[in-house]
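Working notes for the structure below.
The values are calculated or read from the model by the stated rules, or taken from the named source; none is laboratory data. All values derive from a computational prediction rather than experimental measurement. Virtual Cβ from ideal backbone geometry, glycine too; neighbours counted across all protein chains shown.
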Amino acid sequence: MKTTLTISVVLNVLLLGGGVMLYQSPVRSPKPKDESPVQGPESRVREPVPALVPPPTVKTVAAPFHWSQLVNTNDYRVFVANLRAAGCPEATVEDIVQGD
């Protein structure tokens, strides 16, 4: 039993050491393979890559709602049309008309 414990401890220490070494080593990315034939430095002129510009964002600011925008003292039909144009549900428009 003592031998098994000793082997287990030694293997765990080795694995821990290997893990620490892998964790501390820098990550190396593979170099891309250049499929073009070897050329001199003067013939490898790179064209500048255009910078990606994000599309402009359009912010719309809605005017604050006020009941005076809907109320028309001259015509009740205009008031109902204003309610519908403002996105008021039809059931609510019917309730308002019935209530008046």
Original post:
Taking Thr60, is it modelled with pLDDT of 85 or more and either outside any helix (DSSP H, G or I) or of a type in the set (Ser, Thr, Tyr) (or both)?
Top reply: no
Original post:
Restricting attention to the range 1-25, which residues are loosely packed, with under 10 Cβ neighbours inside 10 Å and of a type outside the set (Gly, Ala, Ser)?
Top reply: Met1, Lys2, Thr3, Thr4, Leu5, Met21, Leu22, Tyr23, Gln24
